[in-house]
Each structure stands twice: as structure tokens, then as C-alpha cells.
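Heads up: the structure comes next, in C-alpha cells.
Laboratory data are not the source of any read-out in this text; all were calculated from the coordinates shown. A quick note: this is a predicted structure, and the numbers were derived from the prediction, not measured. Counting neighbours? That spans all protein chains shown, and the Cβs are built from the backbone with ideal geometry, glycine included.
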Amino acid sequence: MSVEWAIARRSFAQVWIGATTWAVVFGATIAASALTYVSTFATAASRHQIALTTGRDTGLAVLLGPVSAIDTVGGYTVYKCFVFLTSIGAIWAILAATRLLRGQEDTGSWLLLVAAGTRPSRATGATLASLLAGVSIIFTGTAAITFLAGRHRDVGFGLGASMLYALSIAIAPMVFVAVGALTSQLGRTRRAATGLSLGIFGVMFVIRMIADSGAATRWLLWATPFGWTELMRPLTHNDAWPLVPAVATTALLCCTAMVLAAHRDVGAGLLASRDVAPLRAFGLGSPMGLAARLEMPALAG
């Protein structure tokens with residue numbers, strides 16, 4: 001067995017359970033949304049009414065994504081699931097990528113891997129392959145459960161439409177696996193790498209919100225992975241072209257991460273950071289103060 005194959009197998013063993021869990025959650029969410037729609041809005045009149053009341057609501061589009069085809073089973077399903085599935089998929093990918101790459105450098109286990117007869121770039125590539133295999137599990141499970149729900153006579157999702165919808169959902173975790181790999185080469189700790197990735201996630205999400213705020217800004221959908229998912233318009237128009245920038249961006253970021261891994265020392269980061277910091281004594285005088293200091297950012301968020 002080659003060292004790279006052993007690294008890929010070890011990494012895959014750490015992500016497949018989480019990927020399988022999210023595949024089931026994603027598929028169940030989609031199935032529940034579709035089946036709820038056909039039972040709640042069973043007549044053409046009720047579907048026309050929901051289109052009149054919410055189909056042109058810009059505020060909903062900014063917050064929750066596409067609402068233009070809400071009078072169809074597919075359009076409503078995409079609207080109900082868009083923010084949840086794309087956001088959770090992206091965050092899972094960021095945490096998994098930074099844990100398997102920068103996290104292992106923090107603990108020292110990465111040094112043992114690259115000392116086993118491989119190069120950091122190849123080890124990074126093997127780890128990325130296992131992460132993308134995890135994304136493929138999410139795609140497969142989501143597509144399978146969506147297709148099973150589509151067998152309902154009032155839902156009617158075909159195999160091709162179900163697979164394209166699953167591909168649109170897989171865009172966010174696929175791209176942000178690569179983002180996490182890149183930031184793992186930049187930050188000196190997993191915390192720094194995760195923070196950079198989540199910052200990029202926030203910027204991309206805000207760009208999608210701005211793009212959905214009006215017709216004049218729709219072109220911004222091409223500048224964010226969340227926009228590529230929306231532009232595919234799955235279960236309604238089924239446009240596969242936005243997959244092209246998604247795959248190209250993922251490949252570019254993965255290659256860049258592998259190149260950067262080959263040009264830095266293990267444990268180091270390309271972004272400079274200080275080894276010492278001035279004392280911040282707030283909260284260190286009592287248990288209550290320490291609890292407040294540790295939990296205040298989460299409470300404020």
C-alpha cells in the first residue's frame with residue numbers, strides 16, 4: 001500500500017460517518033419539504049395564492065433564496081431548503097478540511113505522516129481526495145432520497161432532476177473543502193484557518209444576499225458558490241452550466257493548497273502571526289469573570 005493511499009484511507013475513515021449523517025439529513029429535509037407542499041397546497045388555486053403572496057417578496061429572496069417558482073413542488077422545495085442545506089454543507093466542509101489538515105499539524109501527527117515517505121503536497125492531495133469522497137457521499141445520499149420522495153405521484157421528481165438537485169447542493173461543501181484546504185496553508189493554527197474560512201463563507205453569503213436584492217444585482221450570483229447553486233434552478237429549469245465555475249474553482253483552490261503545502265515548513269503558516277501577545281487580564285481574577293470572558297463572544301453572536 002502506498003503512503004498516499006494509506007493517508008487517504010485514514011482521512012476517509014474520519015469523515016464518512018459525518019458525511020453519511022448529513023446525506024440522510026439533507027435528503028430527509030428535501031423529502032419532507034416536497035411532501036408537505038403537496039399535502040398543504042393540494043389545489044392549483046392554493047398554489048396560485050402562495051405565488052401571489054410570497055413569489056415576489058424580495059425580503060424573502062434575500063433571506064432564504066429563490067422564491068420565483070414557489071407555486072411548483074420543485075420551486076417550493078428549493079426555497080425551503082436552500083439556506084439550510086447550503087450553509088450546513090459549507091460549514092461541515094470547512095470544519096472537516098481544517099481538522100484533517102491544519103488540525104493534524106497542531107497535534108503533531110501531520111509530521112509523522114509526511115515522515116513516512118511522502119511529500120506534504122502529496123499528503124495534502126490524498127487528504128483532499130478523501131474529503132471530496134465525503135462530499136460524494138452527501139451527493140449520493142441526497143440524490144437517492146430525493147428520487148425516492150419524487151416517486152410520489154404528486155411530487156414527480158425524476159432521476160435526472162434529483163441528481164442535478166443533489167449536485168447543486170454539493171457545490172457548497174465541494175468548494176469550501178478547497179477553501180478550508182487553502183486557509184490551512186495560510187494560518188498557523190486550526191483556529192486561524194477556520195476563522196479565515198468562516199470569514200470567506202460570510203462574505204460569499206452576503207454577496208448572495210445582495211445579488212437577490214434586485215434585478216440590477218443579479219449578476220453577482222456568478223461571484224459566489226451560493227449563487228451557482230441558485231443559478232442551476234434545480235427541479236424547475238435544471239441548468240447545469242453553473243457547475244463549470246464550481247468545478248474550476250475547486251480544482252484551482254485544491255491545486256493552490258497543494259503547491260503552498262510544498263513551499264512551507266510543517267507547522268508554519270504563510271500569514272505572519274505573533275508568538276507573543278500583551279496580557280489581557282480581563283476575567284482572570286475570578287471563576288465568574290473567566291466564564292464571562294470565555295462565553296461572551298458566543299453570547300454576543
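Can you tell me how much longer the chain between L35 and W5 gets when fully stretched, taken as 0.36 nm per residue apart minus their C-alpha distance, in nm with one decimal? It would help to have the intermediate numbers written out before the result.
Numbers: separation 30, 0.36 × 30 = 10.80 nm, distance 4.23 nm.
Separation in residues times 0.36 nm, less the Cα-Cα distance, equals 6.6 nm.
Using Cα-only point scatterers and the Debye equation, what is log10 of I(q)/I(0) for the stretch 16-150 at each q in 0.16, 0.17, 0.21, 0.22 Å⁻¹, rounded to two decimals?
Debye curve over Cα of the stretch 16-150, log10 I(q)/I(0) at q = 0.16, 0.17, 0.21, 0.22 Å⁻¹: -0.85, -0.91, -1.16, -1.22.
Could you give the semi-axes, largest first, of the ellipsoid that matches the stretch 172-245, computed as the square roots of 5 times the alpha carbon gyration tensor eigenvalues and rounded to whole Å?
27, 14, 8
According to the Kirkwood expression over distinct Cα-Cα pairs, how big is the hydrodynamic radius of the chain, in Å?
For the chain, inverting the mean 1/r across all distinct Cα pairs yields 20.8 Å.
Students often check this: by mean Cβ neighbours within 10 Å, which of 229-237, 57-65 ranks highest, and how do the rest follow?
With the highest mean Cβ count within 10 Å placed first, the list reads 229-237, 57-65.
Could you compute the net charge surrounding L164? Neighbours are other residues with a C-beta less than 15 Å from the C-beta of L164; K and R count +1, D and E count -1.
Combined, the nearby Lys, Arg, Asp and Glu give -1.
Under a Cβ-Cβ cut-off of 11 Å, what is the net charge of the residues other than L186 that fall near it, where Lys and Arg count +1 and Asp and Glu count -1?
Residues near L186 contribute +3 overall.
Which three extents, in angstrom, do the Cα atoms of the stretch 112-192 have along their principal axes, listed largest first?
The Cα atoms of the stretch 112-192 stretch 57, 27, 16 Å along their principal axes.
Pop a pseudo-label 7 angstrom from the Cα along the beta-carbon direction at both T58 and D265 and give the gap in nm to one decimal.
Going from the T58 label point to the D265 one covers 5.4 nm.
Would you mind classifying the stretch 104-156 by shape? Square roots of the alpha carbon gyration tensor eigenvalues, ordered a ≥ b ≥ c; an a/c under 1.5 is rounded, otherwise it is prolate if a/b is larger than b/c and oblate if not.
prolate
FRET efficiency for S68 and V24, Cβ-Cβ distance as r, R0 = 25 Å, nearest 0.05?
It comes to 0.30.
Give me the percent of Cα-Cα pairs in the stretch 146-301 that sit more than 18 Å apart, rounded to a whole number.
71
Using the Kyte-Doolittle scale, find the helices of the chain whose mean hydropathy is at least 0.5 and whose Cα atoms extend 18 Å or more along the helix's long axis, counting only whole DSSP H runs. Don't skip to the end; give the middle numbers.
Working: long enough: 3-40 (54 Å, 0.88); 73-100 (39 Å, 1.31); 120-150 (44 Å, 1.21); 159-186 (41 Å, 1.70); 190-211 (31 Å, 1.28); 243-262 (29 Å, 2.09); 287-300 (19 Å, 0.77).
Span-like helices, by this rule, are 3-40, 73-100, 120-150, 159-186, 190-211, 243-262, 287-300.
Count the net charge of all other residues whose Cβ sits under 13 Å from the Cβ of T43, scoring Lys and Arg as +1 and Asp and Glu as -1.
Once positives and negatives cancel, what remains is -1.
Multiply the residue separation of A215 and F282 by 0.36 nm, subtract the distance between their alpha-carbon atoms, and state the gained length in nm to one decimal.
19.3 nm
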